[in-house]
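The structure appears right after this line, and notes come after that.
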Amino acid sequence: MADTQQQVAIVGCGIIGRTHAKTIAERPDAIVTALVDGDAAAREALRAQLTEAGQPEPKVYDDLTAALSGSDVTLVAICTPSGTHAALAEEALNEKKHVVIEKPLDVDLVRARRLGAAAARAASHGVVSSVISQHRFDHGSAVVKQAIDAGRFGQLTSSVATVAWWRSDEYYASAGWRGTWAQDGGGALMNQGVHTVDLMLWFMGRPVSIQAQALRAAHHAIEVEDTVVATLTFENGAVGTLHATTAAFPGGRTRVSVHGTEGGAEVEDDRLRRLNVDGSKDDAPTDGEPGGHEAQYDDILKAIAAGNAPAITVQDAIDALATVRAVYIASTLQRPVKFVDVLEGRYDDVDVSRGVGLPPN
Ligand SMILES: NC(=O)c1ccc[n+]([C@@H]2O[C@H](COP(=O)([O-])OP(=O)(O)OC[C@H]3O[C@@H](n4cnc5c(N)ncnc54)[C@H](O)[C@@H]3O)[C@@H](O)[C@H]2O)c1
């Protein structure tokens with residue numbers, strides 16, 4: 001065993017917990033030592049998956065506290081329902097463990113800010129915290145970001161982002177937390193769309209003002225929105241639109257476009273579809289693969305080994321969460337809201353469940 005090998009506890013052995021386990025199993029510098037899930041069937045299935053793949057047998061636990069005292073753990077991967085993320089991450093940070101937190105950071109900004117402070121304190125002791133947003137590691141997204149940072153699109157003027165997916169009623173019924181305010185924290189935008197929100201902010205910078213309309217267009221039985229549209233202004237002076245839905249049968253595309261005075265780009269379904277730079281009308285596409293969890297774990301494990309900050313920080317994820325919350329608050333209040341007011345807590349007491357209507361007829 002390499003002496004730099006991270007010993008990983010996976011907390012939450014559902015759909016995405018399995019992706020984390022598989023990603024870690026393929027790396028020489030990390031090993032899964034503990035599996036945590038209150039559902040015995042879920043943790044046993046993942047234990048079997050790992051041992052069948054030739055991995056050393058991890059210990060299984062029904063809560064994180066037991067795993068932290070029972071196993072050798074240096075890194076905790078939090079793969080539980082979204083509303084549990086911040087509390088579990090704080091518990092791990094208090095024990096000086098590195099943390100990888102699935103998106104979204106949490107559903108609640110008060111908890112997210114507390115976690116931000118805990119992560120900053122832990123970082124001063126060399127403890128790394130990162131939040132999954134794997135599409136920043138897609139080749140196409142990285143090319144767009146580099147072009148923006150080098151000024152190759154000129155002055156940015158606008159951005160359009162759309163996530164047009166379909167999720168069935170069976171999907172929402174498949175786990176009790178899905179489609180609830182308390183644990184999913186929102187619908188099409190918070191769950192499916194937060195990746196795209198994060199990309200939009202990475203490209204365009206922080207928003208200034210947001211207005212929005214959220215509704216349950218097709219899935220009337222869930223609490224949260226299945227469709228939302230929003231307009232944003234950004235600190236750089238550009239404007240943007242954001243659209244996310246799980247009511248687009250049979251499921252359309254995810255696209256982020258960035259437009260400027262000397263060029264622009266479109267990323268569609270994680271691939272670069274158009275790239276114009278430096279005032280040229282010629283498309284300058286460069287092909288490349290989506291990065292996935294593999295690329296983000298590579299970044300995180302290298303950051304831990306080198307004692308550096310990871311590419312995606314808790315503060316990045318707070319910004320994405322605050323943007324999603326701002327959309328819900330704007331839809332609830334039926335007026336534009338300032339991003340900074342949401343970020344700093346001036347709307348913390350707004351009950352956003354009132355802001356998601358049914359279609360008028
Ligand atoms: N990055 C991505 O592309 C991506 C994809 C899917 C899901 N996710 C995120 O991953 C998280 C989990 O989603 P999922 O689809 O895997 O859900 P899931 O319902 O399939 O799995 C969640 C698991 O967590 C367990 N659990 C609940 N509370 C727990 C606790 N306190 N301690 C330990 N285990 C607990 C449940 O029993 C369940 O087995 C969500 O936040 C979701 O947004 C991210």
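For this structure, a couple of remarks:
- Test: residue in the stretch 334-349 that is in a loop (DSSP other than H, G, I, E, B) and at pLDDT below 95: no
- For beta carbons closer than 6 Å, sequence separation of 6+ or different chains, a first residue in the stretch 15-33 that is closer than 20 Å to residue 59 by Cβ and a second that is surrounded by fewer than 20 Cβ atoms within 10 Å (Cβ to Cβ) and small (Gly, Ala, Ser), the qualifying pairs are 25/53; 33/71.
- Test: residue 316 is surrounded by fewer than 13 Cβ atoms within 10 Å (Cβ to Cβ) and either without any contact (Cβ under 8 Å) to a residue 24 or more places away in the chain or touching a helix residue (DSSP H, G or I) at 6+ places or on another chain (Cβ under 9 Å) (or both): no
- Failed condition for residue 36, given (1) within 11 Å of the ligand (Cβ to nearest atom); (2) closer than 26 Å to residue 294 by Cβ; (3) surrounded by fewer than 19 Cβ atoms within 10 Å (Cβ to Cβ): (3)
- Residue 74 being within 15 Å of the ligand (Cβ to nearest atom) and farther than 20 Å from residue 198 by Cα: no
- Those residues of the stretch 7-22 which are crowded, with 23+ Cβ neighbours inside 10 Å and either more than 9 Å from the ligand (Cβ to nearest atom) or not small (Gly, Ala, Ser) (or both), in sequence order: 8, 9, 10, 11, 13, 20, 21
For every residue, the table says whether it meets (1) among the charged types (D, E, K, R); (2) assigned by TED's automatic domain parsing to the domain that holds residue 82; (3) under 17 Å from the mean Cα position of the chain (by Cα).
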{"position": "109", "(1), (2), (3)": "no, yes, yes"}
{"position": "117", "(1), (2), (3)": "no, yes, no"}
{"position": "122", "(1), (2), (3)": "no, yes, no"}
{"position": "130", "(1), (2), (3)": "no, yes, yes"}
{"position": "149", "(1), (2), (3)": "yes, no, no"}
{"position": "152", "(1), (2), (3)": "yes, no, no"}
{"position": "166", "(1), (2), (3)": "no, no, no"}
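Conditions tested, residue by residue: (1) of a type outside the set (Ser, Thr, Tyr); (2) in a strand (DSSP E or B); (3) more than 16 Å from the ligand (Cβ to nearest atom).
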{"position": "195", "(1), (2), (3)": "yes, no, no"}
{"position": "211", "(1), (2), (3)": "yes, yes, yes"}
{"position": "219", "(1), (2), (3)": "yes, no, yes"}
{"position": "225", "(1), (2), (3)": "yes, no, no"}
{"position": "230", "(1), (2), (3)": "yes, yes, yes"}
{"position": "236", "(1), (2), (3)": "yes, no, yes"}
{"position": "249", "(1), (2), (3)": "yes, no, yes"}
{"position": "258", "(1), (2), (3)": "yes, yes, yes"}
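- Tally of residues being of a type in the set (S, T, N, Q) and in contact with a helix residue (DSSP H, G or I) (Cβ under 9 Å, 6 or more places away or on another chain) across the stretch 46-63: 2
- Across the stretch 175-190, not a single residue is classified as modelled with pLDDT of 95 or more and farther than 15 Å from residue 223 by Cα.
- Any hit, the stretch 45-54, residues being on the phi < 0 side of the Ramachandran plot, within 11 Å of the ligand (Cβ to nearest atom) and in a helix (DSSP H, G or I): yes
- So residue 160, is it over 24 Å from residue 242 (Cα atoms) and surrounded by fewer than 18 Cβ atoms within 10 Å (Cβ to Cβ): no
- Just so you know, in the stretch 276-295 the residues that are in a helix (DSSP H, G or I) and of a type outside the set (A, V, I, L, M, F, W, C) include one that is nearest to residue 154 (Cα to Cα), and it is 292.
- Condition met for residue 168 (surrounded by fewer than 16 Cβ atoms within 10 Å (Cβ to Cβ) and away from the ligand (no atom under 14 Å from the Cβ)): yes
- Qualifying residue in the stretch 316-333 (condition: small (Gly, Ala, Ser) and over 18 Å from the mean Cα position of the chain (by Cα)): yes
Each row is one residue, and each column tells you yes or no for (1) among the basic types (Lys, Arg); (2) assigned to a helix (DSSP H, G or I); (3) closer than 18 Å to residue 348 by Cα.
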site	(1), (2), (3)
76	no, no, no
86	no, yes, yes
89	no, yes, no
100	no, no, no
107	no, no, yes
110	no, yes, yes
113	yes, yes, yes
120	no, yes, no
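- Matching entry among 295, 305, 330, 311 (being within 24 Å of residue 222 (Cβ to Cβ) and among the small types (Gly, Ala, Ser)): 330
The values are calculated or read from the model by the stated rules, or taken from the named source; none is laboratory data. Since this is a predicted model, take the numbers as computed values, not measurements. For neighbour counting, all protein chains shown are included, and Cβ atoms are generated from backbone atoms with ideal geometry for every residue, glycine included.
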